[in-house]
Amino acid sequence: MTRRTMYATQPASPATKAMFSRILTSGLFAGAAAGLITALLQLYFVQPVLLHAELYEGGELVHFGAEAVSAHPDLPGLFADPVRDGLSVIFTMLTYTGYALVMVALMSVAERQGHAINARSGLLWGVAGYVTFHFAPGLSLAPEVPGVAAADVGLRQIWWTATVATAGVAMWLIAFGGNMVSYLIAALLLLAPHVIGAPEPESFSGPVPTEIGALFAARAFGIGMAAWVLLGAFAGHFWQAEGKRSLAAA
Amino acid sequence: MTTKTLNASAAGTSVIPALFAVVLGLGILTLTGHVQASALHDAAHDVRHATGFPCH
């Protein structure tokens, strides 16, 4: 009885099931591995800059006050606040797992179209992912330290999402379009959000020194690129490894 | 010839897992990067700043 109802709705074919598990497994491995490394890099290189900025955001330090402020205040060290930093590690791993699932799914589509997916081609996938998710939106909505003036967060999220979507389509067209028309469309898609412009604040009110803001943006972009290149290589590697494993098991 | 046909039919079935993974991935990113609920926002705060998501 139960068996009949089960078969009445079309069961997933073994090929589909194998594809499910290959995408999910390689995405999870790549995302967790790249996310863990990224979290440690961020905690070491980005977090101190953010904590430094928070001293100005909270008013403990005042820029352009009566006297010059030391550029080297005492900052809490690595994992000085284990809950805060631990949550950062978990959320970085989750975020990069989200990226990895999207990337590996697209890799599976590209492979069906005959493109080689491995750790080496994964490096390029990583660069494309970095441009899509980090660099394209960040070019006009620069990575910001806490305390800076910014437009309404909802508006910025809409612009961010639209920019990531157009950049993603553009990177796909550049990689796989293969003709002038698709390159032209890609260029327009990459330019459009920045020509239209990101939501900007009405006035400037940031209390954080520009040196800290600039270092934060540079570090965020730099660690982001390293993270994405790692993610791409890991995704390509695990995609290959999982494919071989399921072939051997079959 | 036979192998080609088999591959083609396997290719036909494998769009759904890819679609599922994209939706799942974007769902995770929405939670870690965008949802403004304060517990989520506070936990993800430093990551959102460092990863370039609009934060607050």
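Is it true that some residue in the range A:62-82 is part of a helix (DSSP H, G or I) and surrounded by 18 or more Cβ atoms within 10 Å (Cβ to Cβ)?
no
Here is a list: A:Val89, A:Val102, A:Val127. Which entry is farther than 13 Å from B:Ala50 by Cα, more than 8 Å from chain B (Cβ to nearest Cβ) and β-branched (Val, Ile, Thr)?
A:Val127
For the range A:92-136, give me each residue that is surrounded by fewer than 24 Cβ atoms within 10 Å (Cβ to Cβ) and aromatic (Phe, Trp, Tyr).
The answer is A:Tyr130, A:Phe135.
Could you identify the single residue in A:Thr132, A:Thr97 that is at the interface with chain B (Cβ under 9 Å from one of its Cβ atoms) and polar (S, T, N, Q)?
On inspection, the qualifying residue turns out to be A:Thr97.
Take the residues of the range A:142-184 that are assigned to a helix (DSSP H, G or I) and touching a Ser or Thr at 6+ places or on another chain (Cβ under 7 Å): which is surrounded by the most Cβ atoms within 10 Å (Cβ to Cβ)?
A:Ala167
Okay, residues lined up against (1) farther than 30 Å from B:Val35 by Cβ; (2) in contact with a strand residue (DSSP E or B) (Cβ under 9 Å, 6 or more places away or on another chain); (3) away from chain B (no Cβ under 14 Å):
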| residue | (1), (2), (3) |
| --- | --- |
| A:Val148 | no, no, no |
| A:Thr161 | no, no, no |
| A:Ala167 | no, no, no |
| A:His194 | no, no, yes |
| A:Glu202 | no, no, yes |
| A:Gly224 | no, no, no |
| A:Ser246 | yes, no, no |
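Being more than 30 Å from A:Gln113 (Cα to Cα) and away from chain B (no Cβ under 14 Å) is the requirement here; does A:Val208 meet it?
It is false that A:Val208 is more than 30 Å from A:Gln113 (Cα to Cα) and away from chain B (no Cβ under 14 Å).
When the range A:14-25 is examined, which residues are found to be within 17 Å of A:Ala250 (Cβ to Cβ) and either under 17 Å from the mean Cα position of the chain (by Cα) or within 7 Å of chain B (Cβ to nearest Cβ) (or both)?
A:Ala15, A:Thr16, A:Met19, A:Phe20, A:Ile23
Go through the range B:33-50 residue by residue and tally those that are closer than 14 Å to A:Thr161 by Cα and β-branched (Val, Ile, Thr).
The number of residues fulfilling the criteria is 1.
Can you find a residue in the range A:63-72 that is within 13 Å of chain B (Cβ to nearest Cβ) and of a type in the set (Phe, Trp, Tyr)?
No, there is no match, as no residue in the range A:63-72 is within 13 Å of chain B (Cβ to nearest Cβ) and of a type in the set (Phe, Trp, Tyr).
Looking at (1) touching a residue at least 60 places away in the same chain (Cβ under 8 Å); (2) in a helix (DSSP H, G or I); (3) more than 7 Å from chain B (Cβ to nearest Cβ), which is the only condition A:His115 fails?
Against the list (1) touching a residue at least 60 places away in the same chain (Cβ under 8 Å); (2) in a helix (DSSP H, G or I); (3) more than 7 Å from chain B (Cβ to nearest Cβ), A:His115 comes up short only on (2).
Any read-out appearing in this document is the output of simple, stated calculations on the displayed coordinates, not a laboratory observation. The model shown is predicted, which means the values in this text are computed figures rather than measured ones. Positions of Cβ are backbone-derived with ideal geometry, glycine not excepted, and every protein chain shown enters the neighbour counts.
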